[in-house]
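Down below is the structure, laid out as structure tokens.
The values are calculated or read from the model by the stated rules, or taken from the named source; none is laboratory data. Every value quoted in this text rests on a predicted model; they were computed, and no experiment measured them. Glycine also receives a Cβ, built like all others from the backbone with ideal geometry; neighbour counts cover every protein chain displayed.
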Amino acid sequence: MIYKLPAAAIAAAMVIAGPAYGVDAPNDAQIAHIAYTAGSIDVAAAKQALAKSHNAAVREFASEMVRDHEAVNMKALELVKALKVTPQDNPTSQALSEAAGETMSKLAALDGAAFDKAYVDNEVSYHKTVNAALQSALIPSAHNAQLKSLLETGLTLFREHQMHAEHLASDLD
Amino acid sequence: MRRLCPPFAAAAWALLSIACPAAAAPHEYRVVVDKMKFGALPADLHKGDVIVWDNRDMFRHSATAKGKFDVDLPAGKAVRMRITSIGSFPFVCKYHPGMKGVLKVSK
């Protein structure tokens, strides 16, 4: 089973960012908040996997998600502090958090191979949608060069995560 | 054995030094790892040279050539690796396999 809840939230990010809709693009403070929230969600999902899964490959993947996403978020915090920008909560961040809460509740009810499969499938779809949002909405809208650069490095990293999750998902099939 | 006069001996030594680059002291090369990429790799590597993998990224990486070398690169750290074999060594970061390169080592 694949939970596609984050896709709706990411679609909301696109709406915020999409000039085609006649809506203002997100500002840097909102982008920083969205990116940080998206990273925190994946760390929380990985910690849930580390608490529940006994599959060595799944645990290794989850450890990588914790390590990499925490590193990006720490860098993001340093950057907003240096830029004197206060990350600004926004409907996209709220939708992401709400969707992630629902996904975690559903995953909490699963165990063993069923949990592993659902977690990894969700990681595939989550990274796919976050990457699409980064590429088409968040990176083009970022004004500060350092923020843009951090998001670009993040996108390269998250594409690696997506590939890793896809390989893992095919192994679990 | 006939002894060479000093100026001739010096000239012969200079010629030998030029003709035998393998006898030169090992070189140390710095490879910067940043923004999910391995930087420029040295083109003229020889056995005995040293590579300093300088991980300036915020992530843990590795330089891994399966069965040949596996160097852990903690975030923000530089790690030395002496080259002990001759050949062509494709390597990746084992955590992010899209990061890759090839070390070409001659004797």
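If the condition is being touching a residue at least 24 places away in the same chain (Cβ under 8 Å), surrounded by 16 or more Cβ atoms within 10 Å (Cβ to Cβ) and part of a helix (DSSP H, G or I), then region A:133-145 contributes A:ALA133, A:LEU134, A:ALA137, A:LEU138, A:SER141. Name every residue in region A:40-62 that is more than 15 Å from the chain's Cα centre (by Cα), surrounded by fewer than 17 Cβ atoms within 10 Å (Cβ to Cβ) and part of a helix (DSSP H, G or I), in order of residue number. Once the filter is applied, which keeps residues that are more than 15 Å from the chain's Cα centre (by Cα), surrounded by fewer than 17 Cβ atoms within 10 Å (Cβ to Cβ) and part of a helix (DSSP H, G or I), region A:40-62 yields A:LEU50, A:ALA51, A:ALA56, A:ALA57, A:ARG59, A:GLU60.
Restricted to region A:17-39, and to residues there that are among the aliphatic types (A, V, I, L, M) and surrounded by fewer than 22 Cβ atoms within 10 Å (Cβ to Cβ), the residue that is modelled with the lowest pLDDT is A:ALA20.
The test for being surrounded by 16 or more Cβ atoms within 10 Å (Cβ to Cβ) and part of a helix (DSSP H, G or I) holds for A:SER125. Kindly check whether there is at least one residue in region A:68-81 that is assigned to a helix (DSSP H, G or I), over 17 Å from the mean Cα position of the chain (by Cα) and over 15 Å from A:ALA29 (Cβ atoms). Yes. For region A:82-93, which residues satisfy the criterion of being outside any helix (DSSP H, G or I) and either buried (at least 17 other Cβ atoms within 10 Å of the Cβ) or touching a strand residue (DSSP E or B) at 6+ places or on another chain (Cβ under 7 Å) (or both)? Correct list: A:VAL85, A:PRO87, A:ASN90.
Just checking, does region A:75-96 include any residue being among the charged types (D, E, K, R) and in contact (Cβ under 8 Å) with a residue 40 or more places away in the chain? Yes, region A:75-96 has at least one match. Residue count for region B:82-107 under the criterion of being closer than 18 Å to B:HIS46 by Cβ and surrounded by 17 or more Cβ atoms within 10 Å (Cβ to Cβ): the result is 6. Only one entry of A:SER170, A:SER105, A:SER93 meets the criterion of being more than 14 Å from chain B (Cβ to nearest Cβ), small (Gly, Ala, Ser) and in contact with a helix residue (DSSP H, G or I) (Cβ under 7 Å, 6 or more places away or on another chain), and that entry is A:SER93.
Total residues in region B:62-107 satisfying the condition of being in a strand (DSSP E or B), within 14 Å of chain A (Cβ to nearest Cβ) and not hydroxyl-bearing (Ser, Thr, Tyr): the figure is 4.
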